[in-house]
Amino acid sequence: MAENGEDSGLLQYCEGPDLVVSDSRPLKTSLVDVKPCKEHNEAHKLTVKNTEREISPYQPRPPSLPRQSKSSKSGSVEATVRNRRLRNSQESLSDPAETGSSTDSLKEDQTVPAPGGLVVSSAATTRNQDSSVRPHSAVATGSPVFRERGGSLSEYERRPRSQQSDPTDHWVRSSKVRLSPVQPTGPLPALEKSYVSATLRAANRIDKDCLDYVGLAREKLGERLHRNLSDSRLLENMGSDSASVNSMRSTYSVLSPIRPQDVRNRYSRSFLEGSVLGSGALLGAEELDRYFPDRRVGIYVATWNMQGEKGLPVNLDDLLLPTDSEFAQDFYIIGVQEGCPDRREWENRLQETLGPYYVMLYAASHGVLYLTVFVRRDLIWFCSEVEHATVTTRIISQIKTKGAVGIAFTFFGTSFLFITSHFTSGDAKVYERILDYNKIVEALALPKGLPDTNPYRSIPSDVTTRFDQVFWFGDFNFRLSKDRVDVETIMNRTVGDDMNPLLEHDQLSKEMKDGSIFKGFQEATIHFLPTYKFDIGCDIYDTTSKQRTPSYTDRILFRNRQAEDIKVVKYTSCTSIKTSDHRPVIGVFQVKLRPGRDNIPLGAGQFDRGLYLEGIRRRMTRELKMREAMKSQSSSTICAIS
């Protein structure tokens, strides 16, 4: 072995008491038996030869170095350490699977004296301590991760424990357990270039039982739902799963990062007096496109003559959250004529029905005329201050049963006006109703402090020309100019939802064509039966001695400054609410929005907080009562079976 020059890779002997052992190969020889005497050199070489036969052939062997002379063996300890460093560096370069860290290399550079004058690497001593506590073979058999990656371990480590060397010998071993790098199990997700998802919107899908609704993702991201309003844009460009949308705790957010430079800039022209296209404006185009990529907002309008009944319907879900609507809308505008005596109770019921996703932006009244505006709570920051005005059409102004109440505000850069009114009743009083209309458009003092978005198209004598989008709804009391028998005959002949034979006798349609009332207004096509007058609690028209003619007294009309700004999604009646002699009428619209300037007086997110808390409390109470009822019903059923 000495003749082949291979012993220099294992042991370095010297004449003196110092002996340096390289830890590049494990030995079965005990260090205590190695004596630093010259006469024992031949005996030790024989021991090394016997040990070499027991070394596993799978262990890495260091590269052979040139045979050193006796004079070199008698060198200093520093020269020996330098030689050992050279051999270790050559071994690392020649071994492509070397994955040792820089910390391990530093540990190997430190040497400590061993018994009998033997100089041993401190890293080997450390490995000896670790191996005595946890053998290397346990790594391959303990963790399921290493069981799956068994092919990455060496052949020696896959051998049975009985065929492996004693773990106590590892303190003189230089080879370390080399594990292959952990590879990802699948393709890594693509990183978004922007922190902002421009089309993130929280949609409110109505549950089948109409008791509540939750934000859900669109089931088919590639399909565009035209029936929905602004909520149909949910996750247009997002490729994430629907679970992240349901929880709304995903990495997508409408909150964009703000740079310190932007915060330092106190004189940005995009605020207060800046352009609508200015970056950072709260009501500008950039913010509008983030919330409404198609620049259309959903408006839900409902009008109902309650006939002054004290008893409200048990459930208002059918009025505000009909089952044939897939999504809820952004704004809910409810106008009531001959409202219930307790107006606050009516508002509480509305808040309870709409739930925590909506807040009451404003409410106004004129006698028994109630007008309430609800808005999604994440949109209140883009609403201006709200203004309202009232007009009475009675000769005596103290009697407030007939007239109108209007609410006006600006949303982004679009101005809205909502009017609910109750005109003079009577089959033949068409002229009186026209007078009511003229008085309202002239006397309704709006806007007050809000800027006119287009003053060049405004007419001082007509309030409806001062706003971009106008909705006028209520009990207009226009009748069908036919006898009761003739109207019933036409209704019996009606096939499907074609109501044109009835509308040919409608007083309002005739006056609008003549231009004597509601100038510039439009109405969606009517596909429902007359909403007046029913017997309470049933679907039979008036059976009293008066035998009133069924008529379309409850209507929803709209007007816009720009053509095609308002698109009708739904226009129908609510036949399930039968507590009044009128059936409620509802309309769903898509309304075009335009960016605005920040000089508009904002409402600063104001809403009726007390009403909000009361509505949520009632929802919780109702849910608890339902659970208790179901629990008691199930327990009684078990008792009956037993």
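Remark: for residue pairs Lys448/Lys578; Lys546/Lys578; Lys310/Lys513, the C-alpha separation exceeds 31 Å in Lys448/Lys578; Lys310/Lys513.
With K and R counted +1 and D and E -1, the other residues having a Cβ less than 12 Å from that of Lys513 yield a net charge of -3. Between Val314 and Arg344, the modelled labels are 2.7 nm apart [label points 7 Å from Cα along Cα→Cβ]. Between the beta carbons of Asn454 and Arg609, assuming R0 = 30 Å, the FRET efficiency works out to 0.30 to the nearest 0.05.
Segment Asp539..Glu326, full-extension length gain: 74.0 nm, with 0.36 nm per residue of separation and the alpha-carbon distance subtracted. These residues, Val463, Val569, go from largest to smallest accessible area, 1.4 Å probe, as Val569, Val463.
Around Leu316, under 9 Å between beta carbons, what's the net of Lys plus Arg minus Asp minus Glu among the other residues? With Lys, Arg at +1 and Asp, Glu at -1, the neighbours total -2. In a fully extended conformation the segment linking Lys546 and Ser509 would gain 10.8 nm over its present Cα-Cα distance, using 0.36 nm per residue. Remark: the Asp483-Lys519 segment gains 10.1 nm on full extension, using 0.36 nm per residue and subtracting the alpha carbon distance. A 1.4 Å probe, protein heavy atoms only, puts the accessible area of Ser573 near 20 Å². Here the calculated FRET efficiency for Lys578 and Tyr357, from their Cβ-Cβ distance with R0 = 22 Å, stands at 0.20, rounded to the nearest 0.05. Inverting the pair-averaged 1/r between distinct Cα atoms of the stretch 399-448 gives 12.4 Å as its Kirkwood hydrodynamic radius.
The distance between label points at Arg493 and Asp462 comes to 3.7 nm (points 7 Å beyond Cα on the Cα→Cβ vector). If you take all other residues with their beta carbon under 13 Å from the beta carbon of Ile407, and give Lys and Arg +1 and Asp and Glu -1, the sum is -1. Taking every C-alpha pair closer than 8 Å and separated by at least 6 residues, the mean separation divided by the residue count of the stretch 469-526 gives a relative contact order of 34 percent.
Within the accessible area of the stretch 326-439, the carbon and sulfur atoms contribute 53%, probe 1.4 Å, all protein chains present.
Coordinate range of the alpha-carbon atoms in the stretch 485-642 per principal axis, descending: 72, 59, 29 Å. Within the accessible area of the stretch 487-561, what % is carbon and sulfur when the probe is 1.4 Å and the other protein chains stay in place? That share works out to 49 percent.
Can you compute the label reach from Glu442? Point 7 Å from Cα along the Cβ direction, backbone N cut-off under 20 Å, restricted to the stretch 461-494. Only 461-467 fall inside the zone, counting backbone N under 20 Å.
The values are calculated or read from the model by the stated rules, or taken from the named source; none is laboratory data. Bear in mind the structure is a predicted one, so any value in this text is a computation, not a measurement. Note that each Cβ is placed from the backbone with ideal geometry, even for glycine, and that neighbours are counted across all protein chains shown. These accessible areas exclude ligands, DNA and RNA; they are computed on the full protein's heavy atoms, side chains included. Shrake-Rupley method; radii C 1.70, N 1.55, O 1.52, S 1.80 Å.
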